[in-house]
1. Return the pair list, or none, for Cβ contacts closer than 8 Å from residues in the range 1-23 that are at pLDDT below 95 to residues that are surrounded by 20 or more Cβ atoms within 10 Å (Cβ to Cβ) and assigned to a helix (DSSP H, G or I), at least 6 apart or on different chains.
2. Restricting to the range 225-257, and then to whatever is touching a helix residue (DSSP H, G or I) at 6+ places or on another chain (Cβ under 6 Å) and more than 17 Å from residue 19 (Cα to Cα), can you tell me which residue is surrounded by the fewest Cβ atoms within 10 Å (Cβ to Cβ)?
3. Return the residues of the range 158-170 that are in contact (Cβ under 8 Å) with a residue 40 or more places away in the chain, touching a helix residue (DSSP H, G or I) at 6+ places or on another chain (Cβ under 9 Å) and within 20 Å of residue 246 (Cβ to Cβ); say none if nothing qualifies.
4. Please work out if residue 211 is outside any loop (DSSP other than H, G, I, E, B), surrounded by fewer than 20 Cβ atoms within 10 Å (Cβ to Cβ) and touching a residue at least 40 places away in the same chain (Cβ under 8 Å).
5. Mind checking which helices (runs of 4 or more DSSP H) fall wholly inside the range 58-161 and carry at least 1 residues that are touching a strand residue (DSSP E or B) at 6+ places or on another chain (Cβ under 9 Å) and under 23 Å from residue 35 (Cα atoms)?
6. Going through the range 12-38 one residue at a time, which ones are out of contact with any strand residue (DSSP E or B) (no Cβ under 7 Å at 6 or more places or on another chain) and either part of a loop (DSSP other than H, G, I, E, B) or more than 21 Å from residue 118 (Cα to Cα) (or both)?
7. Just wondering, is there one or more residues in the range 183-206 that are on the phi > 0 side of the Ramachandran plot and surrounded by fewer than 24 Cβ atoms within 10 Å (Cβ to Cβ)?
8. Test of understanding: among 182, 253, 259, which residue is under 18 Å from the mean Cα position of the chain (by Cα), under 22 Å from residue 140 (Cα atoms) and at pLDDT 95 or above?
């Protein structure tokens, strides 16, 4: 892979600026290893809590026409202690890319304790999921409050000595205010954005399609919202921003980087393109950088702010 694509985010070195997004294929060492093998520059696990959680009943995922996926999985996971063993296996056998553990909790103390367990297992960084739109008393209920976000970040920063990323929800009045609160509390990077709250109804039965009724919308419909959020956050904070939301092509990734993203996370596109999407997006970014006469992908980050 071209050296033009190498980036560094909060001390983590990536061979290219693509990352596996949280929530996709991330609960086993094997799936994370395969994502790296297929070209991901870093991988983020599915969100892991302090205790095992079974999640919601099916149907939990629904394809919404051509605009994306609705999901209400309910944060199923095996618990931090179990998943720490998966990370330990990855690190023991070598991976060649950073492993970022996505963490959630129902209190700042739970976030910190789960993060500590996963870092001890070998995680290179943690990503705080303060943005899940469909589980009560965690996720976006925390992420909608700058004060609560600050509290969670501070607790986690005390508990671990690794970089702390904070994944923000777009379901707020002012995402910049929340980003500033996270950075003020010590966040090393911001991830923007998680899914938008949405639902679908079966017109034959009149019932909501998802068992949980309301879920999170991901995919192409989310991209313009996400690009706007990245642009606004990058104008306000001085830490790296990772773009996430509707990225399926190299053109999508470049758009996020021009808006200020230092790297991008890919999730929903894997459902339609497979893990090969990481290689195709990276190759496209490399061609763009070369054809525009830049020496490094880092030179295109935030270019739109100079226009």
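1. 1/282
2. Among them, the one singled out is 236.
3. 167, 168, 170 - these are the residues of the range 158-170 that are in contact (Cβ under 8 Å) with a residue 40 or more places away in the chain, touching a helix residue (DSSP H, G or I) at 6+ places or on another chain (Cβ under 9 Å) and within 20 Å of residue 246 (Cβ to Cβ).
4. On the way: outside any loop (DSSP other than H, G, I, E, B): no; surrounded by fewer than 20 Cβ atoms within 10 Å (Cβ to Cβ): yes; touching a residue at least 40 places away in the same chain (Cβ under 8 Å): yes.
Against the criterion (outside any loop (DSSP other than H, G, I, E, B), surrounded by fewer than 20 Cβ atoms within 10 Å (Cβ to Cβ) and touching a residue at least 40 places away in the same chain (Cβ under 8 Å)), residue 211 does not qualify.
5. It comes to 80-93, 108-120.
6. Of everything in the range 12-38, those that are out of contact with any strand residue (DSSP E or B) (no Cβ under 7 Å at 6 or more places or on another chain) and either part of a loop (DSSP other than H, G, I, E, B) or more than 21 Å from residue 118 (Cα to Cα) (or both) turn out to be 15, 16, 23, 24, 25, 28, 37, 38.
7. The answer is yes, given that some residue of the range 183-206 is on the phi > 0 side of the Ramachandran plot and surrounded by fewer than 24 Cβ atoms within 10 Å (Cβ to Cβ).
8. 182
The values are calculated or read from the model by the stated rules, or taken from the named source; none is laboratory data. Everything numeric in this text was worked out from a predicted model, so none of it was measured. As a convention, Cβ positions derive from the backbone with ideal geometry for all residues, glycine included, and neighbour counts pool all protein chains shown.
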